[in-house]
1. At a Förster distance of 35 Å, what's the computed FRET efficiency of Glu122 paired with Glu46, Cβ-Cβ distance as r, to 0.05?
2. Please work out the FRET efficiency for the pair Phe83 and Glu57, using the Cβ-Cβ distance as r and a Förster radius of 25 Å; give the result to the nearest 0.05.
3. Filter the trypsin sites (Lys or Arg not before Pro) in segment 1-93 down to the DSSP loop ones having no more than 15 other Cβ atoms within 10 Å, then list what survives.
4. How far is helix 83-98 tilted off the main Cα axis of the chain, in degrees rounded to 10, range 0 to 90?
5. Specify which labelled value, from (1) 64, 42, 32; (2) 43, 35, 32; (3) 80, 38, 33, agrees with Cα extents along the principal axes in Å derived from the coordinates of the model shown.
6. How much accessible area per residue does the chain have, counting only protein heavy atoms and a probe of 1.4 Å, in square angstrom?
7. Return the single residue from Trp18, Trp51, Trp135 with maximal mean-square fluctuation; model: Gaussian network over the chain, springs between Cα atoms under 10 Å.
8. Count charges around Lys106 for me, please; just the other residues with Cβ under 13 Å from its Cβ, Lys/Arg as +1, Asp/Glu as -1.
Amino acid sequence: MPDVAAIMRREVADPRGWRGDDPEVGESELLEDPAFPFRVPPADGEGAAEWRSGLFEIPRSSVVRLLVMLATNEMNVTRQHGFADRRAGMECHAKVILSRFPIGSKFFTNTRHGGENPDFYERVSGCWPMSQYVWDFGLLSVSDEEIGLIWSFDAS
């Protein structure tokens, strides 16, 4: 997964020029490790396979709710004050992101939340961290044209 590793190390810009939100920019940890806080996938086959084992494919129908959940405090939709009023707008923004990935794209997350058709508006209770933190949660989107990496971290 060299493309994912390059994104984690901030070596590539968004191919469409969209502005990202990277709260780590300017942090001293990036001087030592440009991928901070991510754990970059190993280059060797066995290590890469182990790293990928923490990712689980989800259907396109679950991606909008996952993106909305990633934009909430504590990654918990049920605890969001005023969510009912903000839901439509948040889902609209999530659909714009999803539109970058055509039918046939694949989507992965680092939780086994809810089986084959996970509902990310339900509380998420576990993850397989892809970072140096004990809790992180994200979406890896893959099309023939690009890879998207949208992540949320809890450094507490």
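The values are calculated or read from the model by the stated rules, or taken from the named source; none is laboratory data. Values in this document were obtained by computation on a predicted structure and should not be read as measured data. Using ideal geometry, Cβ is built from the backbone for each residue, glycine included, and neighbour counts are taken over all protein chains shown. Ligands, DNA and RNA are stripped out before the accessible areas are found, and what is left, the full protein with its side chains, is counted by its heavy atoms. Shrake-Rupley method; radii C 1.70, N 1.55, O 1.52, S 1.80 Å.
1. Values: r = 35 Å, r/R0 = 0.99.
After rounding to 0.05, the efficiency reads 0.50.
2. Here the calculated transfer efficiency is 0.40.
3. Numbers: sites: Arg9, Arg10, Arg16, Arg19, Arg39, Arg52, Arg60, Arg65, Arg79, Arg86, Arg87; in loops: Arg9, Arg10, Arg16, Arg19, Arg39.
Those that pass, being in a loop and sparsely packed, are Arg9, Arg16, Arg19.
4. Approximately 40 degrees, to the nearest ten.
5. After the calculation, the listed value that fits is (2).
6. On the way: 9290 Å² over 156 residues.
On a per-residue basis, the chain sits at 60 Å².
7. Trp18
8. Details: positive: Arg52, Arg60; negative: Glu57, Asp144, Glu145, Glu146.
That sum, taken over residues with Cβ under 13 Å, equals -2.
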